[in-house]
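Just so it is clear, none of the values below were taken in a lab; they were calculated from the coordinates. On a predicted model such as this, the values are computed, not experimentally measured, just so you know. Cβ placement follows ideal geometry from the backbone for every residue including glycine, while neighbour counts extend to all protein chains displayed.
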Amino acid sequence: MKTDNNKLMQYYFRLSKIRLTGLVVLTAMAGYAMAPAAFDPIGFTMVTLGTGLTSASANAINQFFEVPFDSQMNRTKNRVLVRGYLSPLHAVTFAAVSGSVGLVVLALGANPLTAALGAFNLGLYTLVYTPMKRHTILNTWVGSVVGAVPPLMGWAACTGSLDPGAWIMAAIMFCWQFPHFNALSWNLRPDYSRAGYRMMSVVDPNLCKRVALRHTVGITGLCFLAPVAGLTTPLFPVMSLPLNLYFTYLGWKFYQQGDSSSSRSLFRFSLLHIPLLILLMIVNKPSRKNDSKDSGKESVTVVQSELT
Amino acid sequence: SNLRPVVFHVPQKETALQCRYRLMRKETHDWNQAFWANHNERFFKEKEDFVRRKLDDKQQTVDSAEARLSADELSEFYKAFLDKNYPLHANYNREWYHKNLRLLFPAFQVFLEKIYNKLFKR
């Protein structure tokens with residue numbers, strides 16, 4: 001089938017799962033925003049661009065690997081490779097180009113640590129998570145790590161190192177993946193079962209609900225650790241408490257009812273929860289007296305040399 | 001089998017490389033079709049059997065108005081089917097990755113050949 005070149009950009013967007021990539025980029029930007037060093041527009045743009053390209057590459061490879069499975073499931077049967085709008089070689093080439101360019105942009109435009117994190121995540125998603133989905137429910141934990149890395153990348157691009165605050169952010173993102181994905185997967189059980197994907201919702205539904213609830217509580221707790229780690233002011237856990245409590249409440253309902261409506265509510269709110277939480281973080285970022293370009297980096301290096 | 005039926009277009013002046021590639025693709029496609037058609041048929045049949053048996057246990061016939069299993073009851077079937085077919089899927093996965101990756105090389109050769117022909121054969 002010939003490739004329709006007029007629609008090439010559109011196909012690339014779909015291949016890169018543009019909405020997911022957009023969210024990934026947003027969390028990386030958030031990591032940059034929360035990091036305690038000066039805002040450098042070039043570095044910020046580079047980490048945004050590099051993360052976007054790397055994520056696009058990862059998603060393209062994922063789709064290349066999963067064509068026959070995607071074609072079996074309602075949610076994914078209209079994907080670009082399933083429908084043959086692009087050839088597999090084309091998709092792999094796209095992935096190779098965007099991945100390498102992305103990593104170079106990260107290495108040169110930000111720093112090697114950011115690129116290393118990007119490369120690690122790219123490998124984790126395509127070579128560990130993707131095949132693992134067909135073998136064990138542990139894939140969800142691996143996938144949650146993948147979701148937690150982008151804020152680390154943004155942070156690393158800003159300060160050049162990973163401070164405790166970065167890890168709190170990553171931990172929150174890690175926890176968020178569970179209510180988000182477990183709720184989504186709840187209504188897809190027939191498709192997952194037939195297509196051969198091993199997900200908690202099919203293999204151990206009770207575990208699925210427990211884990212989702214557990215991690216909504218975890219997020220609430222982690223938000224109280226945020227000021228301790230220097231990520232935010234003490235006002236943040238207070239401001240975010242209503243949001244987190246409601247999220248936990250929906251998690252509790254899902255745990256109790258375990259039906260399509262409670263799962264859908266939890267999933268939908270998860271999409272609202274994380275941008276709002278990030279906004280609250282940014283609003284409650286502690287102001288630092290020396291937050292100017294040179295002295296900001298100076299205090300970071302002073303602290304680093306004191307620790308080594 | 002839910003796989004999009006593909007007609008493999010045979011260009012008029014197909015080269016040997018293109019022919020070999022097309023046949024490889026066709027073979028993989030047919031193999032996929034066979035697997036999924038068979039697999040899906042078994043899924044729906046076993047699901048029907050499961051529903052029938054469950055309804056029998058609850059002493060309802062399939063056609064009665066309340067004859068529907070809840071999502072929780074069905075989930076027993078989904079888990080059983082997934083677990084039962086795990087070895088089958090593990091084998092299929094291995095073979096699929098192998099075939100999928102292997103197809104990249106002739107695809108690339110065909111691509112190079114096309115460029116070569118465009119540049120040098122006119």
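Of note:
- Computed log10 I(q)/I(0) for region B:25-120 at 0.17, 0.20, 0.24 Å⁻¹: -0.86, -1.00, -1.19, from the Debye equation with unit scatterers placed on every C-alpha and solvent omitted.
- Given R0 = 25 Å, the distance between the Cβ atoms of B:Gln33 and A:Met9 translates into a calculated FRET efficiency of 0.20.
- FRET efficiency for the pair B:Glu113 and A:Arg268, taken as 1/(1 + (r/R0)^6) with r the Cβ-Cβ distance and R0 = 51 Å, rounds to 0.50.
- Pairwise label distance in nanometres, A:Phe39 with B:Phe120, each label 7 Å out on the Cα-Cβ vector: 5.6
- Cα gyration tensor category, rounded, prolate or oblate, for the protein assembly as shown with a/c compared to 1.5: oblate
- Value of Rg/Rh across region A:1-89 [Cα atoms, Kirkwood radius]: 1.10
- Considering region A:199-289 at the alpha-carbon level, its Rg and Dmax are found to be 14.9, 52 Å.
- Of the trypsin sites (Lys or Arg not before Pro) found in region A:1-102, those in coil by DSSP whose Cβ has at most 13 other Cβ atoms within 10 Å are A:Lys2.
- Over chain A, relative contact order from alpha-carbon pairs under 8 Å, at least 6 apart, %: 20
- A:Arg134, B:Arg52 arranged by Cβ crowding within 10 Å, fewest neighbours leading: B:Arg52, A:Arg134
- Estimated FRET transfer efficiency when R0 is 35 angstrom, pair A:Ser260-B:Asn91 (beta carbons, to 0.05): 0.60
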